[in-house]
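Notes follow once the structure below has been shown.
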Amino acid sequence: MIRRIINKVFGRASRASRTEAKILPLKMHGIRRDQLDDCALKVCETLAQAGFKGYLVGGAVRDLLLGGTPKDFDVATDATPEEVRRLFRRSRIIGRRFQIVHVMCGRETIEVTTFRANGQKEAEDEDAHGDDSPAPAAPRRLTDEHGRLLSDNVFGSMADDAARRDFTINALYYDPAREEVHDYFGGVGDCKKRMLRMIGDPETRYREDPVRMLRAARFAAKLDFHIDPETRKPVATLAPLLANIPRARIFDEALKLLLSGHALRGVHQLRAEGLHHGMLPLLDTILDDTAGERFITAALKSTDARIQSDRPSSPAFLFATLLWPQVVKRWKALEAGGEKPQPALFAAMDEVLDAQRGQLAIPRRYDGMMKEIWALQPRFEQRGGQRPFRLLEHPRFRAAYDFLLLRAEAGEVPGEFGEWWTRFQEAGEEERAGMLLADAAAKPRRRRKRRKPGEEGARETHPA
Ligand code: ATP
Ligand code: MG
């Protein structure tokens with residue numbers, strides 16, 4: 001088994017080091033130098049002037065090729081981290097095991113990475129000298145028993161660097177000086193076909209790093225690409241390997257997917273691939289429940305719209321929405337069991353947060369804001385007296401109000417609720433007073449329709 005994996009890697013790695021890049025001129029890729037941001041351009045130029053290679057690489061090249069705007073720029077070079085650091089005054093080396101250099105430029109940071117090889121090249125060399133027994137001494141040092149790469153801190157050639165990347169569309173190198181794209185694995189063609197294709201043998205590459213399965217789902221959703229059938233096939237059986245990945249890394253990946261601007265598609269992609277068990281296990285419960293599904297769909301749509309129009313979206317808010325259907329379920333169950341609404345809600349919140357820790361590992365630093373958003377929900381029902389004014393001043397009002405609108409959109413609370421609060425915020429003093437009156441006791445007939453039982457605010461202002 002181990003030997004088979006090594007052979008696959010050996011085959012791929014030696015193929016990679018022999019691979020010549022296709023060098024595509026401007027008219028074949030259409031990326032112009034002036035589309036790069038000044039910092040990225042400057043970094044590449046400085047490297048070139050010092051006699052090093054300096055290419056734009058990864059997501060930025062892919063996004064430019066697809067006509068999008070890159071969100072950050074990564075540069076790959078043959079200079080060592082120390083050499084890079086010496087070239088740029090405002091730069092620092094990050095990381096211990098594998099070092100990269102952050103070059104600061106204006107308010108931006110460009111990540112400069114030295115070409116690296118997969119680390120398994122060492123394994124294959126030792127294996128080549130070794131006897132035929134399956135003694136896994138060398139490979140065990142570099143991969144675990146599932147084939148997971150434990151080491152990737154070996155510098156390599158540009159071809160090696162391309163081969164250790166995940167998908168063909170992520171292994172493109174752009175040379176701004178010559179306006180050329182170096183394409184080792186047909187990534188430009190795959191971009192045109194809108195096809196996500198793994199470099200090398202997909203099964204081996206997923207075993208090296210199971211997170212690549214999640215990345216496949218994320219890129220397919222974000223770019224609206226098809227996943228090549230060979231690339232997709234192993235996922236169904238290998239998905240459980242995600243259990244071996246540190247929870248923090250899974251969480252980071254979940255966040256990237258949810259903040260990609262295509263979270264709705266991403267979440268459905270995850271589920272279709274059976275990957276959500278390892279990442280967002282709560283999706284099963286949510287999506288199998290009509291109310292939950294409506295709420296999450298509204299929440300993800302709104303997050304996607306915010307991101308696509310460059311508005312901020314906070315992770316805490318997002319996770320508050322993902323967990324809400326469970327909170328509601330528990331809340332209602334506890335209430336049905338005789339608990340008062342408020343304590344029932346608080347107990348439900350704690351239970352749900354505790355339960356997710358073992359699964360998704362949402363960092364505790366988000367707990368405070370999630371709880372506040374949830375706890376404020378019942379307070380929107382109180383629309384008389386001083387209470388609405390107090391709620392308006394709450395530091396989390398905005399987030400809680402956005403949350404309320406999602407609940408209204410999902411049909412969880414009457415739409416009129418959300419509208420009232422929208423109006424109340426925009427209204428002047430006089431209109432607000434009028435709204436309170438209408439809601440409280442001045443117009444008994446309307447009040448009967450609107451007022452919910454237990455709406456104390458009404459009684460406070462207009463004692464009978
Ligand atoms: P995004 O736009 O989401 O940032 P990206 O392609 O830039 O997409 P990053 O996670 O920033 O993705 O990684 C940068 C590059 O590093 C990728 O394009 C890919 O070439 C390489 N890479 C990142 N993660 C992996 C991985 N797990 N396995 C192999 N290559 C990877
Ligand atoms: Mg990136």
Quiz item: If packing is taken as the mean number of other Cβ atoms within 10 Å per residue, what is the order of 188-197, 93-102, 253-262, highest first?
Solution: 253-262, 188-197, 93-102
Quiz item: Simple spin-label model, 7 Å along Cα-to-Cβ: residue 71 to residue 237 in nm?
Solution: 3.4 nm
Exercise. Would you mind checking the pairs 27/53; 222/371; 42/193 and listing those with alpha carbons more than 24 angstrom apart?
Key: 222/371; 42/193
Quiz item: Packing-wise, with mean Cβ within 10 Å as the measure, how do 412-421, 323-332 rank, highest first?
Solution: 323-332, 412-421
Quiz prompt | Hz values of 3J(HN,Hα) by residue in region 227-234 - Karplus curve (6.51, -1.76, 1.60), Gly and Pro given as x | solution = 8, 3, x, 5, 6, 7, 3, x
Exercise. Can you tell me how much longer the chain between residue 309 and residue 365 gets when fully stretched, taken as 0.36 nm per residue apart minus their C-alpha distance, in nm with one decimal?
Key: 17.5 nm
Practice problem: Determine, from the Cβ-Cβ distance of residue 46 and residue 19 and an R0 of 22 Å, the FRET efficiency 1/(1 + (r/R0)^6), rounded to the nearest 0.05. | Solution: 0.20
Quiz item: Amide H neighbours of residue 91 under 5 Å, counting only residues 5+ apart in sequence or on other chains, H built in-plane at 1.01 Å?
Solution: 104
Exercise. Please give the contour-minus-distance gain from residue 38 to residue 157: 0.36 nm per residue of separation, less the Cα-Cα distance, rounded to one decimal in nm.
Key: 40.2 nm
Quiz item: Which ³J(HN,Hα) values, rounded to whole Hz and listed in residue order, are derived for region 167-178 from phi using the Karplus coefficients 6.51, -1.76 and 1.60 in 6.51 cos²θ - 1.76 cosθ + 1.60 with θ = phi - 60°, glycine and proline given as x?
Solution: 10, 4, 6, 9, 10, 10, 10, 10, 9, x, 4, 9
Exercise. Pull out the extension gain between residue 256 and residue 144, defined as 0.36 nm times the separation in residues minus the alpha carbon to alpha carbon distance; nm, one decimal.
Key: 37.7 nm
Practice problem: Pop a pseudo-label 7 angstrom from the Cα along the beta-carbon direction at both residue 192 and residue 375 and give the gap in nm to one decimal. | Solution: 5.9 nm
Self-check item: Per-residue ³J(HN,Hα) for region 63-79, Karplus 6.51 cos²θ - 1.76 cosθ + 1.60, θ = phi - 60°, Hz, x for Gly and Pro
Solution: 5, 5, 4, 8, x, x, 9, x, 8, 8, 10, 10, 10, 10, 8, 8, 6
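Values in this text are rule-based calculations from the coordinates and carry no lab data. Just so it is clear, the model here is predicted, and its values are computed rather than measured. Cβ coordinates were reconstructed from backbone atoms using ideal geometry, including for glycine residues, and neighbour counts include every protein chain displayed.
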